[in-house]
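The values are calculated or read from the model by the stated rules, or taken from the named source; none is laboratory data. The structure displayed is predicted, hence computed values, not measured ones. All Cβ positions, even for glycine, are placed from backbone atoms using ideal geometry, and neighbour counts span all protein chains on display.
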Amino acid sequence: MSPDTRAAIAFSRFGLGITPRGLGAASGEAREALLAELKSPPTLSMSLSDAQRDLGFSSALPPTPELLTQLAAYNRARKERREIKAQNQTPAPDIPSMAAPDMAGKQPPLMDDQRLPQAVSFAEVAARLKVWGDARIGFHERLVMFWANHFAVSVDKGLPVRVLAGAYEREAIRPHITGRFRDLLLAAERHPAMQVYLDNDASIGPNARANRNGKRGLNENLAREILELHTLGVNGGYTQADVTRFAKVITGWGINRSGQGDGFRFNPNAHEPGPQTILGKTYADDGEAQGIRVLEDLARHPATAKHIATKLVRHFVSDQPPPALVDRVSQRFLETDGDLSAVYATLIAAEESWSAPRAKLRTPQEYVIASLRALDTPIQPQRFLQTLRVLGQPLWQPPGPNGFSDLASVWATPEGLNNRLDLAYQLSERLAERTDPRVFAEERLKGLISETTRRSVALAETRPQGLALVLLSPEFMRR
């Protein structure tokens, strides 16, 4: 394998795609270049927009406690609006801003029903578009996407998750992807977005002090998905009894809506009293710590190591993960107590990770980002969100708790490929006048380009067609 091909694979298989800067960021030892990127992760940052100032935001990317406070005020305003309408009175034209009156008692600007979630969403997307465009290779950002999909939440759940989804990824996923799996697991499960998405904030112990009338119920959603999706895996050796007992262990876990702390709250009155036995081990009832100890043991379980290793290898290498590589990655997970940086190092050190056929198809999100990077062209947050929706992978909106599929067959549908064709032509129109498709093909597909693709681009009837053919080539579409 030539150095150019190895560098190109670093960009396509492990990164976000090549940019006009070329293969330089992965020249030399491509493996070391990937690991070096993890040691200096990018920082998400944005300036306050006018819309956010109107809403009383203190920062463009507010922390979860502030968003919960904003959301509470927003919901109060919506309730007042409904009450006015129910009384057959003329409602105010807009819902009041989330901001409190200023020192002089002046009422903040008014807002409509969509301004809060829209302002939050657009700022979160804009910050990520900047990081994705600036990334040298993009391995760090690919890992963020992988783990956000592993610990998936969906804005389909309703307004709370829609407002919190970006903060969830910023606070629970990003800071922990190069640390220990235990810390990532705890951060994801305790975050208000996850608590709401899987209904654990409404779960209450059958014998809890707050459930003396027995009318409130135990919800097993979060417990089940932690075992089935987040840790052990579907064949991880747990039983339905383990699910029920674990659900009791994490009763009382919920949301702190006061604006204080990190947004998590443990309510002892909602917690099921007594010890619980899970996977053969009995955990004494010591409140919140009972659930933490279960999660810590799950994070170290051999089945969890195998499940995580399989998903990482499937995501980055092959839809049919090589068993020997899965075993090595899994063993490294266990040897290092879930040190994710060590796990990644084992993955990219393996020759199978570089020699496996490039049969994986870029997901819609990966494809759009790679296209924007290749063309070095900007996109507005609203259009980016619309594009992902058309391509079938709306941001933070997977079809279920298992996230979006990693399998090429799921994305290689006639409709999906036709939508990519439309996007490729739309984007290519922007640069057609000043870009020679043949030069573009040689630079963006360096180390990978085939004679078939080279000939097709050279025979293109127009420049936009030539550029689009590069974006639609197997070398670009696959990773």
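Could you check the range 278-323 and list, in sequence order, the residues that are more than 30 Å from ILE9 (Cβ to Cβ) and in contact with a Phe, Trp or Tyr (Cβ under 8 Å, 6 or more places away or on another chain)? Residues satisfying the conditions are ILE278, LEU279, GLY287, GLU288, GLN290, GLY291, ARG293, VAL294, ALA299.
Filtering the range 303-360 to residues that are of a type in the set (Ser, Thr, Tyr), assigned to a helix (DSSP H, G or I) and without any contact (Cβ under 8 Å) to a residue 40 or more places away in the chain leaves SER330, THR346.
A quick yes/no check of all residues on (1) within 30 Å of PRO42 (Cα to Cα); (2) over 20 Å from the mean Cα position of the chain (by Cα); (3) surrounded by fewer than 19 Cβ atoms within 10 Å (Cβ to Cβ):
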| site | (1), (2), (3) |
| --- | --- |
| TYR168 | yes, no, no |
| GLU171 | yes, no, no |
| VAL196 | yes, no, no |
| LEU218 | no, yes, yes |
| ALA223 | no, yes, no |
| LEU227 | no, no, no |
| ILE278 | no, yes, no |
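In the range 244-280, which residues are more than 30 Å from ARG170 (Cβ to Cβ) and either without any contact (Cβ under 8 Å) to a residue 60 or more places away in the chain or of a type in the set (A, V, I, L, M) (or both)?
Once the filter is applied, which keeps residues that are more than 30 Å from ARG170 (Cβ to Cβ) and either without any contact (Cβ under 8 Å) to a residue 60 or more places away in the chain or of a type in the set (A, V, I, L, M) (or both), the range 244-280 yields THR244, ARG245, LYS248, PRO275, GLN276, THR277, ILE278, LEU279, GLY280.
Exactly one residue out of GLY254, GLY259, GLY291, GLY237 is small (Gly, Ala, Ser), outside any helix (DSSP H, G or I), at pLDDT 95 or above and surrounded by 15 or more Cβ atoms within 10 Å (Cβ to Cβ), and it is GLY254. Of all the residues in the range 427-456, those that are surrounded by 14 or more Cβ atoms within 10 Å (Cβ to Cβ) and under 18 Å from GLY17 (Cβ atoms) number 17. The condition of being farther than 16 Å from ARG136 by Cβ, part of a helix (DSSP H, G or I), over 20 Å from the mean Cα position of the chain (by Cα) and of a type in the set (D, E, K, R) holds for only one of GLU83, GLU32, that being GLU83. One residue alone among VAL131, VAL144, VAL120, VAL125 is touching a Phe, Trp or Tyr at 6+ places or on another chain (Cβ under 7 Å) and either loosely packed, with under 15 Cβ neighbours inside 10 Å or at pLDDT 80 or above (or both), and that residue is VAL125.
Determine which member of the set GLU433, GLU443 is of a type in the set (Asp, Glu) and within 16 Å of SER371 (Cβ to Cβ).
On the way: GLU433 fails: within 16 Å of SER371 (Cβ to Cβ).
When all the criteria are applied, what remains is GLU443.
When the range 1-29 is filtered for residues that are more than 17 Å from SER355 (Cα to Cα) and assigned to a loop (DSSP other than H, G, I, E, B), the ones remaining, listed by number, are LEU16, GLY17, ILE18, THR19, PRO20, ARG21, SER27, GLY28.
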